[in-house]
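All remarks here apply to the structure that follows.
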Amino acid sequence: MELQWPLIIFTTLVAWSAGLFASQCVLAFQGGARKTQMTSWIVAAVLLVVGGIAVFLHLEHWERIFNGFGHLTSGITQELIAIVALAVVALVYLVMLRRSADETVPQWLAVVGVAVSVVLVAVMAHSYLMPARPAWDTPLWILAVLGNACILGPATLVVLMAVKGDLGAGAAAVTTAAPRAAVAGGSTKPAARA
Amino acid sequence: MTQYAIVTDLDRCVGCLACSVSCKVINGVPVGNFWNKTLRVGPNPKEGGSGQWPDVEMYFLNVQCQHCENPECVKVCPTGASQKLPDGTVQVDKEKCIGCQFCAMACPYNVRYLNEEERVVEKCTLCEQKISQGELPQCVSQCCGMARWFGDAEKGIENFEGPGGYTLGEFLNEFDDTQVYQLPDAGNKPSLMYILRDMKWQGGDQ
Ligand code: SF4
Ligand code: SF4
Ligand code: SF4
């Protein structure tokens, strides 16, 4: 089988999008990166949409997805469910962000945002675990795609924060507090506030 | 339950490719694609031999959809286009297929491909159009070596039928259960079987 570029682009962009959204959620948990929250949300949304368009280009008869898509044992169906879940959480996030006077979202929403991003990336990677393809059939593949998300997401957020003049304390938040918060389940160190 | 299948006596197969070619003709398989490929396995050194000719052996292996008991292609199909039917065959409903090709990735034997014109995936149907009318699959009826036999695996392979009204049990040379092989199983449980008596099966341990 030749390289399926639409799938390669899709997996990369979705991991990137989920990584970026999760990173902004981590900072939002600490009330950080306030000037960048909206821009980051938009960039994550664009990445997800472009990834979605790429995967539609892969489908030879995308119009037939309305014929009976939804066989639950299929990794593609599971991916679609996870994407819809992420989209719903992201929309709630957007509404909360717009409504708040100081560009913050509730902490519970930030936690849900991280969780749904991790689940989406893991489910997406899992759909390629097939006994017929021994080279792919390893949990390391899930870790690899999660790794993509953990690098592309925070790196993009730092760039956006630099552009938005949100760095300084924010940079410390991304480079030090964010990974710690992700591991320890969150911390609200003053240094992490932007 | 019914599990239609094909048994091939590899000691009888002469590698004439009649099965591969007749399948393409009857099923309109596009140029460059195959529902059934006849592979040459070997020559390999005989075990315990000098390692040189004439201590070598070789057989032909016909690879097509194995109409698996637990088909991976069905599991990964998001639309239900790939299905296991009550007669045990695995079929693609081309009206439902979206061409995602996950089934082609998930099949351990690489027997599925995208039909570029129809933009859906296809593969061996076990000649559903023929067997549903009581006929033999084309690759069985056209086998000039009388190596291919068709029937319901649930009823025992002795009763499998071949050309000329013969049954496998009465026609073939003797063999025992340890001489009946299947392609390597990745959890999909292939249904097709291959008889190989005196040569070493190169398809891994059973
Ligand atoms: S051989 Fe491949 S295509 Fe045929 S049923 Fe098994 S997994 Fe599916
Ligand atoms: S290509 Fe068609 S048959 Fe194969 S998994 Fe996708 S929808 Fe199912
Ligand atoms: S059973 Fe029919 S479709 Fe399948 S390989 Fe033989 S001739 Fe082709």
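The values are calculated or read from the model by the stated rules, or taken from the named source; none is laboratory data. Bear in mind the structure is a predicted one, so any value in this text is a computation, not a measurement. Here the Cβ is made from the backbone with ideal geometry for all residues, glycine too, and neighbour counts use every protein chain on show. When the accessible area is computed, the model is the full protein with side chains, heavy atoms only, and any ligands, DNA or RNA have been set aside. Shrake-Rupley method; radii C 1.70, N 1.55, O 1.52, S 1.80 Å.
So what is Rg over Rh here for the range B:90-206, counting just Cα atoms and using Kirkwood for Rh?
1.00
Just the accessible area per residue of chain B, please: how many Å² with a 1.4 Å probe?
46
Could you compute how much accessible surface B:Glu170 exposes when probed at 1.4 Å, giving the result in Å² to the nearest 10?
So the heavy atoms of B:Glu170 present about 120 Å² to solvent.
Compute the accessible area per residue over chain A, keeping the other protein chains in place, probe 1.4 Å, unit Å².
48
Would you tell me the mean number of C-beta atoms belonging to other protein chains that fall within 10 Å of each C-beta in A:70-81, as a whole number?
Mean number of neighbouring Cβ atoms from other chains: 4.
Run the dipole for the range B:57-206 about the Cα centre, Lys and Arg Cβ at +1, Asp and Glu Cβ at -1, nothing else charged, and hand back the magnitude in debye, nearest 20.
So the dipole magnitude of the range B:57-206 works out to roughly 460 debye.
Starting from the alpha-carbon convex hull of the range B:1-116, give the projected area averaged over all orientations, in nm².
Convex hull of Cα atoms, orientation-averaged projection: 9.6 nm².
Treating only the Cα positions of the range B:4-195 as identical point scatterers, give the base-10 log of I(q)/I(0) from the Debye formula at each q in 0.10, 0.11, 0.12, 0.18 Å⁻¹.
-0.42, -0.51, -0.60, -1.27
Over the whole of B:61-71, what's the average partner chain Cβ count within 10 Å per residue? Rounded to a whole number, please.
For peptide B:61-71, the averaged partner shielding equals 0.
Evaluate E = 1/(1 + (r/R0)^6) for A:His126 and A:Arg99, where r is the Cβ-Cβ distance and R0 equals 60 Å; express this FRET efficiency to the nearest 0.05.
Step by step, r from the Cβ atoms, then E = 0.95.
Return an integer: the convex hull volume of the alpha-carbon atoms of chain A, in Å³ per residue.
Roughly 124 Å³ of hull volume per residue.
By how many nm would the segment from B:Asp152 to B:Trp53 lengthen if fully extended, with 0.36 nm per residue of separation less the alpha-carbon distance?
31.6 nm
Considering the protein assembly as shown, what Rg and Dmax in Å follow from its alpha-carbon atoms?
Cα-based Rg and Dmax for the protein assembly as shown come out at 27.7, 87 Å.
Positive end of the charge dipole of the range A:5-184 (Lys, Arg +1 and Asp, Glu -1 on Cβ, about the Cα centre): tell me which of A:Gly147, A:Leu167, A:Ala125 has its Cα farthest that way.
A:Leu167
Chain pair A, B: how much accessible area is buried, both chains summed, with a 1.4 Å probe, in Å² to 100?
Adding both sides of the contact gives about 2200 Å².
Once phi is turned into θ = phi - 60°, what whole-Hz ³J(HN,Hα) does the Karplus curve with 6.51, -1.76 and 1.60 give for every residue of the range A:17-31, x standing for Gly and Pro?
For the range A:17-31, the Karplus-derived couplings read 4, 5, x, 5, 4, 5, 5, 5, 5, 4, 5, 5, 4, 9, x Hz, x marking Gly and Pro.
Pulled fully out, how much extra length does the chain show between B:Arg40 and B:Thr2, if you take 0.36 nm times their separation in residues and subtract their Cα-Cα distance?
10.6 nm
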